[in-house]
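The values are calculated or read from the model by the stated rules, or taken from the named source; none is laboratory data. In this text, all values refer to a predicted model and were calculated from it rather than measured experimentally. Using ideal geometry, Cβ is built from the backbone for each residue, glycine included, and neighbour counts are taken over all protein chains shown. Heads up: the accessible areas ignore ligands, DNA and RNA and are worked out on the full protein's heavy atoms, side chains in. Shrake-Rupley method; radii C 1.70, N 1.55, O 1.52, S 1.80 Å.
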Amino acid sequence: ARDPELVGTAGWLAEACARLGDRVRAAQLYERLLPWAAHQSSIYAIVGRGSLARYLGLLARTAGRLDDAVRCFEQALAANRAVEAELYEAWTQWNLAETLRVRDAAGDAPRAAELEAAATATAERLQLGRLRDAIEASRATPAVQR
């Protein structure tokens, strides 16, 4: 709580855990950051990085807590829309779509397709090459391997 950069740094750490598939550290970091779920992530209060709930979703998914991940991503979608963080809304849509495909509960597949289409449309419109590439790579990887 004394570190003003905690929330911004947390986003970077969450992405690192997710990319490395570090389930243990993802679970630990998830628990430590959960009290800040309603915050927006930023760097020096200058550059916004979207809702911290998105990063909590990445951590929960990496830790294998898919229901928690879906809840976090839904929270992040609402928060990113509220502050018009369109870039992070699109990333969250894609993250949620991937998570729904992995969870594969009733109704998840059509919702995932809807979210992926929305994320893809935003990536194309805003020329978000990194997001577009991530979506394309995701399509080539079976859900069970994500």
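Residues in region 8-25 that are of a type in the set (Phe, Trp, Tyr) and not in a helix (DSSP H, G or I): none.
Considered as a group, the residues in region 26-54 that are more than 18 Å from Thr99 (Cβ to Cβ) and in a helix (DSSP H, G or I) include one that is modelled with the lowest pLDDT, and that residue is Trp36.
Considering each residue of region 99-137, count those that are touching a Lys or Arg at 6+ places or on another chain (Cβ under 6 Å) and either open to solvent by less than 20 Å² (accessible area, probe 1.4 Å) or at positive phi (or both), and give that number.
Going through region 99-137 one residue at a time, the tally reaches 4.
Is it the case that region 55-63 has a residue that's over 18 Å from Gly21 (Cα atoms), open to solvent by less than 10 Å² (accessible area, probe 1.4 Å) and in a helix (DSSP H, G or I)? No, region 55-63 has no match at all. Report, by residue number, each residue of region 114-133 that is in contact with a Leu (Cβ under 9 Å, 6 or more places away or on another chain) and among the small types (Gly, Ala, Ser). The answer is Ala119, Ala123. When Glu89 is tested against (1) in contact with a Leu (Cβ under 8 Å, 6 or more places away or on another chain); (2) closer than 25 Å to Arg25 by Cα; (3) crowded, with 18+ Cβ neighbours inside 10 Å; (4) acidic (Asp, Glu), just one condition goes unmet, and that condition is (2).
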